[in-house]
Amino acid sequence: MRSQRQSGVTLVELMIVIAIAAILMAIGVPSYRYVTSANRVSGEINSLLGDMTFARYEAVKEGLSVQVCPAAATATTCAGSSTWSNGWIVLSNASATGGTAIVLRRQLPFSSFNSKDTLTTTSTQVVTFNREGFASGLSGVVNFSLHDINNTSSYTRCLMLGVSGVMSTGLNGASILGTTCS
């Protein structure tokens, strides 16, 4: 009689492969969580940087003041607070020519992955760029800090805005425009 050889994997081989996969997942999942959270926070602060840059450009281009402020519930007027987590709006200050302010851009509240990130600023409720591109009405460098829901310092990102209109972003602890991001 001839013996037939069976092909396949043994239970021991299968258990070794499952153990290796479990070890790789245990190493990879925390790294993946960091990458996704850090990228989300960076994208949110870069969105504010883009809108601030747009507002400055529009102020110079149109020769009128342009404001960036936290949005109220209607998302067409300024909220009058220093919490920017509910979104912000870019307003053309057409009142200088006798008209009403026009919403040029609108950022809705952060909502990706049920994001509860908080964006606050040190001193201002409204940023106004004049026709020369300067941020008027500021007493110095303004720090916009974006924190994740757990306030994890490694995810914190900042946008610094100087009186001259210069802007820069950075990580927690970095010195930006002479001010520390925190």
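For the chain, the longest principal axis of the Cα atoms and the long axis of helix 11-62 meet at an angle of about 10 degrees.
Using the Cβ-Cβ distance between residue 32 and residue 153 with R0 set to 25 Å, the FRET efficiency works out to roughly 0.80. Hydrodynamic estimate: the Kirkwood radius of the stretch 11-180 over Cα pairs, inserted into Stokes-Einstein at 25 °C and 0.890 mPa s, corresponds to D of 139 µm²/s.
Of all the options 161, 14, 91, the one that moves most in a Gaussian network model of the chain with Cα springs shorter than 10 angstrom is 14. For the stretch 112-178, the extents of the C-alpha atoms along the principal axes are 38, 24, 18 Å, listed from largest to smallest.
Label-to-label distance for residue 18 and residue 126 is 6.5 nm, based on points extended 7 Å past Cα in the beta-carbon direction.
Read-outs throughout are calculated quantities, based only on the coordinates presented, and are distinct from any laboratory measurement. Since this is a predicted model, take the numbers as computed values, not measurements. Don't worry about glycine lacking a Cβ; one is built from the backbone with ideal geometry, like all the others, and counts go over all protein chains shown.
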